[in-house]
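First up is the structure itself, then whatever we jot down about it.
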Amino acid sequence: MEKSQDDNANSAAGGEEKGKKKTEKTKVVGERKRVDVLLPRMNDQELMKSLASLKAITVYGAARSLAVNAAVAKSVLSSLESKGLVKRAGGYSGHYIWTPAA
């Protein structure tokens with residue numbers, strides 16, 4: 001059997017047979033789910049007791065002390081600040097230092 005020029009072109013292009021179209025696979029991406037930050041199961045006084053041993057309360061120091069990641073520690077510190085238990089003492093550009101409120 002002789003191969004025609006069309007057969008040679010198809011075999012070079014991936015072996016598709018004449019008349020069949022190559023289908024593209026597409027991924028259907030679902031909606032993104034919102035993930036809330038999971039706070040440690042401690043009340044405010046227990047949080048303050050664990051942070052009291054730190055010289056300067058920073059996000060990363062609080063993360064190590066509470067055994068959580070930095071995002072959770074930042075949300076804990078901001079909630080304590082809104083309740084008036086800690087006060088922002090200094091810092092810049094997102095790297096803040098807190099002190100316990102008197």
Residues of the stretch 58-100 being more than 22 Å from the chain's Cα centre (by Cα) and over 18 Å from M42 (Cβ atoms), in sequence order, are K87, R88, A89, G90, G91, Y92, I97, T99
Among helices (runs of 4 or more DSSP H) entirely within the chain, at least 1 residues that are at pLDDT below 65 and surrounded by 12 or more Cβ atoms within 10 Å (Cβ to Cβ) occur in 5-12
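The values are calculated or read from the model by the stated rules, or taken from the named source; none is laboratory data. In this text the structure is predicted, and so the values were computed from the model without any measurement. No Cβ is skipped: glycine too gets one built from the backbone with ideal geometry, and neighbour counts run over all protein chains shown.
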